[in-house]
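*Asks:* Below are the structure tokens for one structure; questions will follow.
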Amino acid sequence: MTALIHGQDLYRSFGQTPALQGATLSVAAGEIVAVMGPSGSGKSTLLHCLAGIFAPDRGEVWFDGRRLDKMSDTTRTRLRRTDFGFVFQFGQLVPELTVADNVAIPRLLGRVSRKRAYAQAMSWLDRLGLGDLSGRRTGELSGGQAQRVAVARALVSGPRVLFADEPTGSLDSATGDQVMELLVAAARQEQAAVVLVTHDSRVARSADRIVSVHDGRVVEPENVRATAARFTEARFTEARFTEARAEGAR
Ligand SMILES: Nc1ncnc2c1ncn2[C@@H]1O[C@H](COP(=O)(O)OP(=O)(O)O)[C@@H](O)[C@H]1O
Ligand SMILES: [Mg+2]
């Protein structure tokens, strides 16, 4: 399997604190990788380096055969906008704007017409069972609703990689499970690769592969599912997706 995104021997320090110390991780197109590991082990730093949010001190980051860490800021920013989607622990939505506005923003920044941007936003909101909330200000939403909006916003541009950093970390476990199920199922339907940082081993089980980060290195790759089984799983999650969406709509 060729890697869509690949970080090789990454090092990154913050002052005297080493956050990454030779981390290597490859994710194939359409593959869902759960990244686990203790707090402070370097998971977020790894995700930020792979996503080109900041550059590693040493090492290489490749995306689709190109050196991400060597690109100009402009090129990297454009690529992040077109090819990457992000969901963080606290949705980072704009609270004063409506749900539809928040989801349309990435499209508007991508210079899509207003009409098309809002149509695409609405279509994603419907898919995630949020259609009825489109006019609400995001500041008024529950945590679970807000994270579902964040998922819609992350996927609206059709990214090839979805980066999620503890996307359900601030939710109770039932709500978190629901959001995670939607996220994983939607990403699979879109055939987006996913780098999913999570503490939750149940969540990690819906991934294709689990890696864990310790002291700034990626260790113990654990195949949780043979590649061949993924197609069966995709159909299974699709059914769960429909179910979860129906639940969300209630
Ligand atoms: N912006 C920062 N400034 C200073 N130290 C940081 C910063 N970001 C991360 N660190 C440190 O780097 C290490 C790894 O952090 P992080 O990647 O956030 O770990 P994780 O996501 O696994 O909890 C920790 O010791 C953390 O304190
Ligand atoms: Mg973190």
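The values are calculated or read from the model by the stated rules, or taken from the named source; none is laboratory data. Given the structure is predicted, the values throughout are model-derived calculations rather than measurements. Every residue, glycine among them, receives a Cβ derived from its backbone with ideal geometry; neighbour counts consider all protein chains shown.
*Asks:* I'm checking my understanding of the structure. Among residues of region 162-183 that are more than 16 Å from ligand 2 (Cβ to nearest atom) and buried (at least 23 other Cβ atoms within 10 Å of the Cβ), which one is nearest to Leu79 (Cα to Cα)?
*Replies:* Leu162
*Asks:* Shifting gears a bit: Kindly indicate whether any position in region 80-88 is in a helix (DSSP H, G or I) and among the polar types (S, T, N, Q).
*Replies:* The answer is yes; a qualifying residue exists.
*Asks:* Sort through Arg67, Arg111 and tell me the only one that's loosely packed, with under 14 Cβ neighbours inside 10 Å and touching an Asp or Glu at 6+ places or on another chain (Cβ under 7 Å).
*Replies:* Arg67
*Asks:* Just need a number here: residues in region 52-64 that are crowded, with 22+ Cβ neighbours inside 10 Å and either within 15 Å of ligand 1 (Cβ to nearest atom) or of a type in the set (Asp, Glu) (or both).
*Replies:* Matching residues across region 52-64 total 1.
*Asks:* Which numbered condition trips up Ser201, out of (1) at pLDDT below 95; (2) among the small types (Gly, Ala, Ser); (3) within 26 Å of Asp83 (Cβ to Cβ)?
*Replies:* (3)
*Asks:* For Gly22, work out the one condition from (1) assigned to a strand (DSSP E or B); (2) within 16 Å of ligand 2 (Cβ to nearest atom); (3) surrounded by fewer than 21 Cβ atoms within 10 Å (Cβ to Cβ) it doesn't fulfil.
*Replies:* (2)
*Asks:* If a residue has to be more than 16 Å from ligand 1 (Cβ to nearest atom), among the polar types (S, T, N, Q) and in a loop (DSSP other than H, G, I, E, B) to count, how many in region 153-177 make the cut?
*Replies:* Selection size over region 153-177: 1.
*Asks:* Can you name the residue in region 41-67 that is under 18 Å from the mean Cα position of the chain (by Cα) and in a loop (DSSP other than H, G, I, E, B) and is also nearest to ligand 2 (Cβ to nearest atom) among such residues?
*Replies:* Gly42
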